[in-house]
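Heads up, the thing below is written out as structure tokens.
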Amino acid sequence: MFASLGRWCYRRRWFVIAAWLVVLVAGGGLLSAAGTESRSDFDLPDVESRRGTEIIEDHFGGVGAGWNGSVVFEADQGVASPEVEAAMTELFAAIDDIEGVEVISPYAPEGAAQISQRGDRAGEIAFADVELPSETTQEEAAAITDEVERLVPEIDGVDIYLGGEIFADFEAPSSEAIGLGFAVIILIFAFGSVLAMGLPIGVALAGIGIGSIAAGFLSHLVAMPDFASVLGVMIGLGVGIDYALFIVTRFRENLHHGHDMERATVIAMDTAGRAVLFAGTTVVISLLGMLVMNVSFITGLAVGTAAVVAVTLVASLTLLPALLGFAGERLETTRWRGLVAAGVVAVALVGLGLGIGAFAIGLPLAAVVMLAGFAVRPLRREVPRPARKPLRETAAYRWSRLIQHHPWPTALLGAGLLAVLAVPTFGMRLGFSDEGNYPESTDTRKAYDLKSAGFGPGFNGPLVLTSLVPEGGIDDAELARVTDAVAAADGVETVTPGFKNDPENPAAVVWRVIPTTAPQDDATNDTVAHLRDDVLPAATAGTGLDVAVTGSVAVQVDFSEYLAARLGVFFGAVLTLSFLLLMVVFRSVLVPLKAVIMNLLSIGAAYGVVVAAFQWGWAGPLLGIDSAPIEPFIPMMLFAIVFGLSMDYEVFLLSRVREEWDRTGDSRTSVADGLAATAKVITAAAAIMVVVFGSFLLESNRVVQLFGVGLATAVLLDATVVRMLLVPATMELLGDRNWWLPRWLDRVLPRIDVEGHEVLDDVDDVTGEGAVAAERELENA
């Protein structure tokens, strides 16, 4: 199949290229017309906050259930100043006239509590509540934000800020340009060829382009958060370059063995292409495994990211062999003009990511260099290529043999390092960051801090209590009983009296509670639990009321608890499936067991670094953010992505080790040979991923930064500590037992050939069996 696919794409390369271009252009045009949607829906089954939200939507017109923002302002002369009141009232009326927007002014009777009466700032801080429908998309919210900002007046002594996540700026990231720029440099060092460098990047960009288009269409079917596209690009860029890199590397090896272009392509697809398909499928399966969580928010992340990875995988298996056909023998030739032009493009991309604006100069300059190369003789010369060392004279081979001579100390050192880094994981606290974690220079953060100063830290995360009225009705004394009990509870600052949806014939009632602590504070979670478990059951006994605690904080508490309770099932399912797949592929019990354990160690270490950086606040001075809990979906997303990427390297390395084992039957030299054959390409692939993921530290979105740190750390540890220390050490300790498989299990398991069936024949075709044997005897001597 793989040989046939590679041959077909190679011979019909014009058709393959044209098909990809048509899909890219047509899909992009259709998506531009249809648009995309981004929503962060936390639809949880059978939780109290959802029941409360449904009551509010059904009986109070969705008040508090939509997108909530605010216009926060402070006035040195006091917000009740006639000049300030007139200007702000006019502003609020203009905002209220925007379609779908509702405003509660602090100057209206129902907004009287929106003027601060607290401490030294009493009468100086106020806000207007702004509510948008829950179905408002990020694009619609951005348009409303622009309109509101246009309406904001300038008043001496008055500062006005737009608060709430719906009004927060979401800047399209440009840091992936940094990853591309460094990828250009790393690939040139790895390949020594500009054209060979361009192929993985071109394939990755094509896969990301069409994959993002597919994800855009899918956003109309499933709720995707605004950063799903960022995550898709981040993962797609990393795996796309990786997959193409492995195939191109094997293709060049085949050329060096004397094969022609078509034969080299076919063999590369039948060997490395098989490993790429298996590795990519593992990543997609890991991502789609999150669908079992049954949460729309998580489903959107999983589907959007998996779509980009899947399309990028298809690009590596179809577009790449076609491009190899166009590249021809020029793949092995690099001239100074191309090298200089590639360097200029790399610097321009890094400048673009840093916001320097050098990209507009870099591309024309690179074009000038290429054109000048045809006239300037030194630029036409070929770049000297270093002599290729025999496999067993490389530093990677010698390193592997060094580790294999000291397996126990190395294994203990590597495992101990990962265990130490994983220690902070045991103190991980799941929760949500909020506007209080935005950079202090943003309007969002300033509005948040002003509310805290004027109304108390808990004002940014109010709780909403609501209940259906029993059939017999409810009297005011029973409602007051609930109000008094909540007001006297620990952790409660203020509570409003129970408000009926209809004074004459009420069907539901609602209270608004302000905690004494901030939304992110662990004590606020305790307040929610105390109200639910102790206060409300006692206060409503005998009344027929069934009060639900809802609001953004309660929703986040329920969301965190829901995911935390299911993480074990998710982890177990992914680990079990990965173990079974590796056992089928490598016909071994201990190799997949060892791979699962080592991957768990590297993921645990990545979790530990994330907790120290973002929850403990060690990264605060660097990123300009405050410490906060770890978003509850982060451990699951990191696990799915990192485990899939770790399996990529595991498959690429072990498939080569298994290939050498099948050829020689020597469990020890096969490890060193496999490591030496893959070390350069795995190192280059990991370096690219680390830079791509690490560059997302430059983004302003905390969740994106968190993903970047977690993924970059996990890949770095996996490619160094795991692949360079633990794999050779543990495989040396196990010896021939690495490939042990009970006979009964061998008969039951299906057979999947991930190494390909043509490579061994081709080695014999090129070197001759006698030459191979003689070389082996010489090396042993």
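Residue-by-condition table, conditions (1) open to solvent by less than 30 Å² (accessible area, probe 1.4 Å); (2) farther than 18 Å from Asp76 by Cβ; (3) in a strand (DSSP E or B); (4) of a type outside the set (Val, Ile, Thr):
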{"residue": "Thr89", "(1), (2), (3), (4)": "no, yes, no, no"}
{"residue": "Ile95", "(1), (2), (3), (4)": "yes, yes, no, no"}
{"residue": "Gly123", "(1), (2), (3), (4)": "yes, no, no, yes"}
{"residue": "Ala128", "(1), (2), (3), (4)": "yes, yes, yes, yes"}
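Go through segment 34-66 and give me each residue that's open to solvent by 20 Å² or more (accessible area, probe 1.4 Å) and modelled with pLDDT of 80 or more.
Ala34, Val47, Glu48, Arg50, Arg51, Thr53, Glu54, Glu57, Asp58, His59, Phe60
Please give the number of the condition Trp618 fails out of (1) out of contact with any Gly (no Cβ under 9 Å at 6 or more places or on another chain); (2) within 20 Å of Val585 (Cα to Cα).
Result: Trp618 passes all but (2).
With the condition kept exactly as written, say whether any residue in segment 569-585 is in contact (Cβ under 8 Å) with a residue 12 or more places away in the chain and in contact with a Lys or Arg (Cβ under 9 Å, 6 or more places away or on another chain).
So far as segment 569-585 goes, yes, one or more of its residues are in contact (Cβ under 8 Å) with a residue 12 or more places away in the chain and in contact with a Lys or Arg (Cβ under 9 Å, 6 or more places away or on another chain).
Can you give me the ranges of the helices (runs of 4 or more DSSP H) entirely in segment 656-753 with at least 2 residues that are surrounded by 24 or more Cβ atoms within 10 Å (Cβ to Cβ) and touching a Leu at 6+ places or on another chain (Cβ under 8 Å)?
By residue number, 667-694, 702-717, 727-734.
The conditions are (1) under 27 Å from Gly181 (Cα atoms); (2) open to solvent by less than 10 Å² (accessible area, probe 1.4 Å); (3) of a type in the set (Phe, Trp, Tyr), and Phe586 fails exactly one of them. Which is it?
All conditions pass for Phe586, except number (1).
Confirm whether Trp618 is within 18 Å of Val727 (Cβ to Cβ) and either open to solvent by 10 Å² or more (accessible area, probe 1.4 Å) or over 29 Å from the mean Cα position of the chain (by Cα) (or both).
Considered against the rule, which asks whether it is within 18 Å of Val727 (Cβ to Cβ) and either open to solvent by 10 Å² or more (accessible area, probe 1.4 Å) or over 29 Å from the mean Cα position of the chain (by Cα) (or both), Trp618 comes out as no.
Report, by residue number, each residue of segment 477-495 that is within 14 Å of Leu463 (Cβ to Cβ) and either basic (Lys, Arg) or in contact (Cβ under 8 Å) with a residue 60 or more places away in the chain (or both).
Selection gives Val482 alone.
Name, by its number, the condition in (1) open to solvent by 50 Å² or more (accessible area, probe 1.4 Å); (2) touching a strand residue (DSSP E or B) at 6+ places or on another chain (Cβ under 9 Å); (3) modelled with pLDDT of 90 or more; (4) in a helix (DSSP H, G or I) that does not hold for Ala80.
(4)
Mind checking whether some residue in segment 757-777 is modelled with pLDDT of 85 or more, open to solvent by 60 Å² or more (accessible area, probe 1.4 Å) and either of a type outside the set (D, E, K, R) or not in a loop (DSSP other than H, G, I, E, B) (or both)?
No, because not a single residue in segment 757-777 is modelled with pLDDT of 85 or more, open to solvent by 60 Å² or more (accessible area, probe 1.4 Å) and either of a type outside the set (D, E, K, R) or not in a loop (DSSP other than H, G, I, E, B) (or both).
Just to be sure, is Ala177 surrounded by fewer than 20 Cβ atoms within 10 Å (Cβ to Cβ), part of a helix (DSSP H, G or I), at pLDDT 85 or above and not basic (Lys, Arg)?
Against the criterion (surrounded by fewer than 20 Cβ atoms within 10 Å (Cβ to Cβ), part of a helix (DSSP H, G or I), at pLDDT 85 or above and not basic (Lys, Arg)), Ala177 does not qualify.
Residue check: is Arg263 at pLDDT 85 or above and crowded, with 24+ Cβ neighbours inside 10 Å?
Here the answer is no, as Arg263 does not meet what is asked.
Which one of Ala447, Ala411 is open to solvent by less than 50 Å² (accessible area, probe 1.4 Å), within 21 Å of Asn68 (Cα to Cα) and part of a helix (DSSP H, G or I)?
Testing whether each residue is open to solvent by less than 50 Å² (accessible area, probe 1.4 Å), within 21 Å of Asn68 (Cα to Cα) and part of a helix (DSSP H, G or I) leaves just Ala447.
Please list, ordered by first then second residue, the pairs with beta carbon atoms under 9 Å, 6 or more apart or interchain, first in segment 677-703 and among the aliphatic types (A, V, I, L, M), second open to solvent by 40 Å² or more (accessible area, probe 1.4 Å) and in a loop (DSSP other than H, G, I, E, B).
Here the result reads Leu698/Ser174; Leu698/Leu354; Leu698/Gly355, each pair linking segment 677-703 to a residue that is open to solvent by 40 Å² or more (accessible area, probe 1.4 Å) and in a loop (DSSP other than H, G, I, E, B).
May I ask you to list the residues in segment 267-279 that are modelled with pLDDT of 85 or more and surrounded by fewer than 24 Cβ atoms within 10 Å (Cβ to Cβ)?
Arg274, Leu277
Could you list all residues from segment 477-506 that are open to solvent by 70 Å² or more (accessible area, probe 1.4 Å), farther than 15 Å from Thr527 by Cα and acidic (Asp, Glu)?
Asp484, Glu504
I'm trying to understand the selection: among the residues of segment 521-542, which are open to solvent by less than 30 Å² (accessible area, probe 1.4 Å) and either at pLDDT below 90 or not in a loop (DSSP other than H, G, I, E, B) (or both)?
Of segment 521-542, the ones open to solvent by less than 30 Å² (accessible area, probe 1.4 Å) are 524, 527-528, 531, 535-536, 539-540.
Listed by number, the residues that qualify are Thr524, Thr527, Val528, Leu531, Val535, Leu536, Ala539.
Of the residues that sit in segment 190-225 and are open to solvent by less than 20 Å² (accessible area, probe 1.4 Å), out of contact with any Leu (no Cβ under 9 Å at 6 or more places or on another chain) and assigned to a helix (DSSP H, G or I), which one is modelled with the highest pLDDT?
Only one residue tops the list, namely Gly211.
Kindly provide the set of residues from segment 543-567 that are in a helix (DSSP H, G or I), β-branched (Val, Ile, Thr) and open to solvent by 10 Å² or more (accessible area, probe 1.4 Å), ordered by number.
Within segment 543-567, Val555, Val557 meet the criteria.
With respect to Met234, determine if the residue is of a type in the set (A, V, I, L, M, F, W, C), under 25 Å from Leu575 (Cβ atoms) and open to solvent by less than 10 Å² (accessible area, probe 1.4 Å).
For Met234, the condition - of a type in the set (A, V, I, L, M, F, W, C), under 25 Å from Leu575 (Cβ atoms) and open to solvent by less than 10 Å² (accessible area, probe 1.4 Å) - is met.
Any chance segment 280-294 includes a residue that's farther than 19 Å from Ile213 by Cβ, crowded, with 24+ Cβ neighbours inside 10 Å and among the small types (Gly, Ala, Ser)?
Within segment 280-294 (the criterion being farther than 19 Å from Ile213 by Cβ, crowded, with 24+ Cβ neighbours inside 10 Å and among the small types (Gly, Ala, Ser)), the answer is yes, since at least one residue qualifies.
Mind listing whichever residues of segment 568-583 are hydrophobic (A, V, I, L, M, F, W, C) and open to solvent by less than 20 Å² (accessible area, probe 1.4 Å)? Show your work before the answer.
To start, the set of residues in segment 568-583 that are hydrophobic (A, V, I, L, M, F, W, C) comprises 569-571, 573-575, 577, 579-583.
Residues satisfying the conditions are Phe570, Val574, Leu582, Met583.
What's the number of the only condition in (1) in contact with a Lys or Arg (Cβ under 6 Å, 6 or more places away or on another chain); (2) in a strand (DSSP E or B) that Thr466 fails to meet?
Thr466 satisfies all of (1) in contact with a Lys or Arg (Cβ under 6 Å, 6 or more places away or on another chain); (2) in a strand (DSSP E or B) except (1).
The values are calculated or read from the model by the stated rules, or taken from the named source; none is laboratory data. All values reported here derive from a predicted model rather than from experimental measurement. All Cβ positions, even for glycine, are placed from backbone atoms using ideal geometry, and neighbour counts span all protein chains on display. Heavy atoms of the whole protein, side chains included, go into the accessibility calculation; ligands, DNA and RNA do not. Shrake-Rupley method; radii C 1.70, N 1.55, O 1.52, S 1.80 Å.
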